[in-house]
Amino acid sequence: MTVQVRRLAADDWEILREVRPRALIEAPGSFYEKHSDSIALTADEWRARLSAANKVTLLAESDGEPAGMVSGVPAGPDERDPDAALMLSMWVAPAFRGVGVADRLTSELLVWSREQAYKRLLLWVYAAAPRAAAFYRRAGFEPTGRVETFYDPTRPLTLMSQTL
């Protein structure tokens, strides 16, 4: 199986509009955004998600079929690290799990983060997602010791970091 990863541009908004809701249906507990909010977005709002100069959305494809996606943005106030990028919304379609798609997406996001001159790549992972946390450790991320609950006190998140 050949997997290609590419950076989505504003003109790719229809692809994002197709894939993002699929991720939210398949793994609703993995994201802040709700499926109902995502399907209510207009074409202009989808385009805007792909137009910001300081962020990236990566799409993995195999034989033209979406296999996964991830986004990168500047770390914000929650992360308390102005020299870091933040990985958001990693998702791999069930049919493509365990075959290296997450590795490819993570590698390409690390490339983007270095191109942007960030010193670290951060991510939040839910305590209820041990498989994801194990993948991130294998990919070189380490827990920072910070655990937060943000929007839901029953769902702790651990901040992980990789030095670039």
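General remarks:
- Just one of the listed residues (V101, V70, V5, V56) is among the β-branched types (V, I, T), more than 16 Å from L122 (Cα to Cα) and touching a Leu at 6+ places or on another chain (Cβ under 8 Å), and it is V5.
- Test for V99: is it open to solvent by 50 Å² or more (accessible area, probe 1.4 Å) and part of a loop (DSSP other than H, G, I, E, B): yes
- L41 fulfils the conditions (1) buried (at least 17 other Cβ atoms within 10 Å of the Cβ); (2) not in a loop (DSSP other than H, G, I, E, B) except for a single criterion, (2).
- Options S36, S71, S30, S113: the member that is buried (at least 18 other Cβ atoms within 10 Å of the Cβ), under 22 Å from R155 (Cα atoms) and out of contact with any helix residue (DSSP H, G or I) (no Cβ under 6 Å at 6 or more places or on another chain): S71
- Within region 47-55, not a single residue is touching a residue at least 40 places away in the same chain (Cβ under 8 Å), open to solvent by 30 Å² or more (accessible area, probe 1.4 Å), in a helix (DSSP H, G or I) and not hydrophobic (A, V, I, L, M, F, W, C).
- For region 102-125, the set of residues classified as of a type in the set (A, V, I, L, M, F, W, C) and assigned to a strand (DSSP E or B) consists of L121, L122, L123, W124, V125, listed by residue number.
- Selected residue (criterion: least open to solvent (accessible area, probe 1.4 Å)) from residues of region 134-164 that are of a type in the set (V, I, T) and outside any strand (DSSP E or B): T149
The values are calculated or read from the model by the stated rules, or taken from the named source; none is laboratory data. Bear in mind that the values here come from a model prediction, so they are computed numbers and not experimental data. Counting neighbours? That spans all protein chains shown, and the Cβs are built from the backbone with ideal geometry, glycine included. Heads up: the accessible areas ignore ligands, DNA and RNA and are worked out on the full protein's heavy atoms, side chains in. Shrake-Rupley method; radii C 1.70, N 1.55, O 1.52, S 1.80 Å.
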